[in-house]
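**Student:** Okay, handing you the structure first.
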Amino acid sequence: MVSFAADVPTMLAMVIVASLTMSAAVAVVGWGRPRDGLACWALVLLLNAAAHAMLALRGRIPDVLSIVVANTLLSCVFAGLLLAVFQFQGRRARWALVAAPVLVVLGLVLAYLDDFHARVSAVGFVCGLQALWALWAVVERRRATVGRGAWLLMAGLALEAGVLLVRASLAASLPVPQVGLLQGGTLQTLTFMATFGVVLLSSLGFVTMARDRADEANRVMAAVDALTGAANRRALISALDRDVARAVRTREPISVLMVDIDHFKRVNDQYGHQAGDQVLCRVVQVLQERVRSQDLVGRYGGEEFLVVLPGTDVAGALLLASDLRKAVESPAGAIGVTVSIGVFGGQLEPGDSWDVLVAAADRALYLAKENGRNRVEVAAALRRSPTQV
């Protein structure tokens, strides 16, 4: 087996500089975002720098600092990583469980203060398990984490856990002479090289996770009506334009429902705008509960909602519209409202666009209101321009 070694103080300096640099970068990125766990992560990196600085000063500062405090801080680093992950995920940490490994490390270091190999084995084993705990916390909520940053974080934690556990096993089993921390060797070189890489890889992964979640939140905000949770007008038109193009290409039918809450202004005037908001949300809930996963409910404007039904002919759209009207008319709440619905459904021709569908459903809605409200009317046909006929 080929043995290779690097200067340990130099590698420790690299870990310290990397930790301080990434701590500053993470702190800047996380400024004003306390719920993402970035501030906790930045603090963890500072602790990591402090611990490795004490290790680098072994023999020049008291052993209580370079051995006891340094190793305890390393355990605190892994506890802090776990807390940062929990904070990012919105989970409450059980402080007693998180602090227990730190206290165990402190006790082991004091017990093996004069036995380098036993100390390396004990501390490496506990810290390795702490890294696995943090890794499991990420894996457990992986499906709820958007983006690929979690993969980088998991790779970093897995690498660190593997290195620590292998180092602990080798230190306990190999009959090698007693050596100091700052003496070079293959095991020392691999350990600190891995630590350097883990600082960069894990920090990059955690920052990427926070950025991906922020991007996803912005994307949702740009596509969703803030009050009702339905698609907003921009997202609705974009989806409708796409579905119309597909319907023209595949020659499949498509239907739209224009839904309007009857006398909504009266609700606001009589019960207040907060009650009116509740009515809007309840109507959207009724609509969303009764459509398929491929259908889309969106707020077109004010108290008007549009339901897009790809692959649905006029008969299916009329059946759904009647069901929706009856469901809204039978509310569980105290404020009773009704809706009028205009329906268009059918096959499209080349050149048809989303606005002619909406116009047709809107004409049917106007007819429903003219005929007494709380009813469903069907558009007779699209009004195409002469070039489309």
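The values are calculated or read from the model by the stated rules, or taken from the named source; none is laboratory data. Computed from a predicted model, the values in this text were never measured in an experiment. Backbone-built Cβ (ideal geometry, glycine too); neighbour counts: all protein chains shown. Just so you know, the surface numbers come from the protein's heavy atoms only, side chains and all, with ligands and any DNA or RNA stripped out. Shrake-Rupley method; radii C 1.70, N 1.55, O 1.52, S 1.80 Å.
**Student:** Send over a whole-number figure in Å² for the accessible area per residue of the stretch 31-188, probe 1.4 Å. Please list the in-between numbers first.
**Tutor:** Details: 7880 Å² over 158 residues.
So the stretch 31-188 comes to 50 Å² accessible per residue, rounded to a whole number.
**Student:** Next question, about the same structure. Would you mind computing the Rg to Rh ratio of the stretch 183-266 from its alpha-carbon coordinates, Kirkwood style for Rh? Don't jump to the answer; show the numbers that get you there.
**Tutor:** Details: Rg = 25.8 Å, Rh = 18.3 Å.
Radius of gyration over Kirkwood radius for the stretch 183-266 works out to 1.41.
**Student:** What is the dipole size for the stretch 279-383, taken about its Cα centre, with +1 at each Lys and Arg Cβ and -1 at each Asp and Glu Cβ, in debye to the nearest 20?
**Tutor:** Working: 11 positive and 13 negative charges, 69 e Å.
Around 340 debye, computed over the stretch 279-383.
**Student:** Another question, then. About the Cα centre of the chain, what is the dipole size in debye to 20, counting +1 per Lys and Arg Cβ and -1 per Asp and Glu Cβ, all else neutral?
**Tutor:** Values: 36 positive and 31 negative charges, 38 e Å.
Rounded to the nearest 20 debye, it is 180 debye.
**Student:** OK, next. Please compute the volume of the convex hull spanned by the alpha-carbon atoms of the stretch 233-378 and report it per residue in Å³. Don't jump to the answer; show the numbers that get you there.
**Tutor:** On the way: hull volume 14.0 nm³, N = 146.
Given the Cα convex hull of the stretch 233-378, per-residue volume reads 96 Å³.
**Student:** Any idea how far apart residue 349 and residue 99 come out in nm if each label point goes 7 Å out from Cα toward Cβ?
**Tutor:** Here the modelled spin labels are 7.7 nm apart.
**Student:** Now for a different question. Could you give the semi-axes, largest first, of the ellipsoid that matches the stretch 8-222, computed as the square roots of 5 times the alpha carbon gyration tensor eigenvalues and rounded to whole Å? Spell out each step's value before the answer.
**Tutor:** Details: eigenvalues 197, 56, 47 Å².
Gyration-tensor ellipsoid for the stretch 8-222: 31, 17, 15 Å.
**Student:** For the chain, return all DSSP H helices satisfying: extent of Cα atoms along own axis at least 18 Å; mean Kyte-Doolittle hydropathy at least -0.5.
**Tutor:** Details: long enough: 8-29 (31 Å, 2.15); 38-56 (27 Å, 1.92); 70-89 (29 Å, 1.56); 95-111 (24 Å, 2.61); 116-140 (35 Å, 1.26); 149-173 (36 Å, 1.51); 186-223 (54 Å, 0.63); 233-250 (25 Å, -0.18); 273-289 (24 Å, -0.02); 314-329 (22 Å, 0.89); 354-370 (24 Å, 0.45).
In the chain, the long hydrophobic H runs are 8-29, 38-56, 70-89, 95-111, 116-140, 149-173, 186-223, 233-250, 273-289, 314-329, 354-370.
**Student:** A further question on this structure: Quick one: P(r) of the stretch 291-358 from all Cα-Cα pairs, 5 Å bins, percents rounded to integers, in order of increasing distance.
**Tutor:** For the stretch 291-358, the pair-distance distribution reads 3, 13, 23, 26, 19, 9, 4, 2, 1, 0.
**Student:** Please arrange 112, 271 by accessible surface area, largest first, computed with a 1.4 Å probe and ligands excluded. Provide the component values of the computation, followed by the final result.
**Tutor:** Values: 112 90, 271 120 Å².
Final ranking, largest accessible area leading: 271, 112.
**Student:** So what is the orientation-averaged projected area of the chain, using the convex hull of its C-alpha atoms, in nm²?
**Tutor:** On the way: hull surface 110.7 nm².
Taking a quarter of the hull surface, the average projection is 27.7 nm².
**Student:** Carbon-plus-sulfur fraction of the accessible area of the stretch 8-222, 1.4 Å probe, in percent?
**Tutor:** Details: 7360 of 10390 Å².
Answer for the stretch 8-222: carbon and sulfur cover 71 percent of the accessible area.
**Student:** On to the next question. Largest first, what is the accessible-area ranking of 52, 273, 263 with a 1.4 Å probe? Can you show the working numbers first?
**Tutor:** On the way: 52 10, 273 130, 263 80 Å².
Greatest to least solvent exposure: 273, 263, 52.
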